[in-house]
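These notes are about the structure you will find just below.
The values are calculated or read from the model by the stated rules, or taken from the named source; none is laboratory data. Not measured: the values here are computed from a predicted model. Positions of Cβ are backbone-derived with ideal geometry, glycine not excepted, and every protein chain shown enters the neighbour counts.
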Amino acid sequence: MMVLCPACHDIATKGALSVEKQRKFKASPHNVKKGYASGLLHLLHPHPAFAFGTNVVISEGPILTVRGIPVFGAAVEDGELLLSV
């Protein structure tokens, strides 16, 4: 699984971005290749905040569950954000 911007997500959902090409992108992320990002995501604040539409959730642990199954969660360890999707 990988996170896509809304435009790329739409293209992938419609089948215009093949699974093979998605795997190629995932193996060599654009922001890592360009030097914009590397390693883990460091936080400036001790609690992560997530925007879901007009709702903001400030929490760790399971954040979104479907029928009792966690599908999105977060933790902060040593100032680094860990995501579970």
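Summary table
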| quantity | calculated |
| --- | --- |
| Selection within segment 26-49 - touching a residue at least 12 places away in the same chain (Cβ under 8 Å) and either farther than 17 Å from Met2 by Cα or in contact with a Lys or Arg (Cβ under 8 Å, 6 or more places away or on another chain) (or both) | His42, Leu43, Pro46, His47, Pro48 |
| Test: residue in segment 39-56 that is touching a helix residue (DSSP H, G or I) at 6+ places or on another chain (Cβ under 7 Å) and of a type in the set (S, T, N, Q) | no |
| Qualifying residue in segment 16-24 (condition: within 17 Å of the chain's Cα centre (by Cα) and on the phi > 0 side of the Ramachandran plot) | no |
| Pick from segment 50-63, criterion of a type outside the set (Ser, Thr, Tyr) and in a loop (DSSP other than H, G, I, E, B), ranking: surrounded by the fewest Cβ atoms within 10 Å (Cβ to Cβ) | Gly53 |
| Matching residues in segment 17-35 - criterion: being in a helix (DSSP H, G or I) and charged (D, E, K, R) | Glu20, Lys21, Arg23, Lys24, Lys26, Lys33 |
| Boolean, His47 is surrounded by 10 or more Cβ atoms within 10 Å (Cβ to Cβ) and farther than 21 Å from Leu82 by Cα | no |
| His9 vs. criteria in a loop (DSSP other than H, G, I, E, B) and at negative phi | no |
| Residues of segment 66-81 satisfying the condition of being surrounded by 10 or more Cβ atoms within 10 Å (Cβ to Cβ), more than 22 Å from Pro6 (Cα to Cα) and β-branched (Val, Ile, Thr) | Val76 |
| Close pairs (7 angstrom Cβ cut-off, 6 or more residues apart or separate chains): in the same structural domain as Pro29 (by TED's automatic domain parsing) in segment 1-18, at pLDDT below 85 and in a helix (DSSP H, G or I) anywhere | Met2/Lys26; Leu17/Cys8 |
